1. So which helices (runs of 4 or more DSSP H) stay within the chain end to end and still have 3 or more residues that are surrounded by 14 or more Cβ atoms within 10 Å (Cβ to Cβ), touching a residue at least 60 places away in the same chain (Cβ under 8 Å) and of a type outside the set (Phe, Trp, Tyr)?
2. Looking at this structure, is GLU2 at pLDDT 80 or above and away from the ligand (no atom under 16 Å from the Cβ)?
3. More than 12 Å from the ligand (Cβ to nearest atom) and hydroxyl-bearing (Ser, Thr, Tyr), is that true of SER76?
Amino acid sequence: MENIRDITDEEKELNLLFLERLMEGCYIDSLTGSFYCKECNCPISIDWGHHIAFCVKGGKLCICVNKEDVQNRVKSGKRALEILSARYAKGEITKKKFEKMKKDLEE
Ligand SMILES: [Zn+2]
């Protein structure tokens, strides 16, 4: 076996958020394990490397999740965490509350 390149935390985060977005716009067929678009019920092609999920309906491309969606989410998540960390650093919230809120954000 060749060594598989370690994936970075950022990539892991992107993949998770991508999956999360995917679960909002798509559903999984329990028989085949494939993703389907909630909008047009088409099977979805997933490009994990580029964080894009799409389906083709009647020759028209329907993009279900794209990289921008995911990146925006990463940004807003990071922003929230920054604000939270700043509040904790200033002593506005307790460690317990900080840990709890951080966990909530990550869920
Ligand atoms: Zn679709």
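The values are calculated or read from the model by the stated rules, or taken from the named source; none is laboratory data. Bear in mind that the values here come from a model prediction, so they are computed numbers and not experimental data. Neighbour counts are summed over all protein chains in view; Cβ atoms, including those assigned to glycine, are modelled from backbone coordinates with ideal geometry.
1. Counting at least 3 such residues, we get 9-25.
2. Details: at pLDDT 80 or above: no; away from the ligand (no atom under 16 Å from the Cβ): yes.
Considered against the rule, which asks whether it is at pLDDT 80 or above and away from the ligand (no atom under 16 Å from the Cβ), GLU2 comes out as no.
3. Taking the combined requirement at face value, the residue satisfies it.
Residues are listed down the side, and each one gets a yes or a no for (1) more than 9 Å from the ligand (Cβ to nearest atom); (2) out of contact with any Leu (no Cβ under 6 Å at 6 or more places or on another chain); (3) over 28 Å from GLU106 (Cβ atoms):
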{"residue": "LEU16", "(1), (2), (3)": "yes, yes, no"}
{"residue": "ILE28", "(1), (2), (3)": "yes, yes, no"}
{"residue": "GLY33", "(1), (2), (3)": "yes, yes, no"}
{"residue": "CYS37", "(1), (2), (3)": "no, yes, no"}
{"residue": "CYS42", "(1), (2), (3)": "no, yes, yes"}
{"residue": "ILE46", "(1), (2), (3)": "yes, yes, no"}
{"residue": "GLY59", "(1), (2), (3)": "yes, yes, yes"}
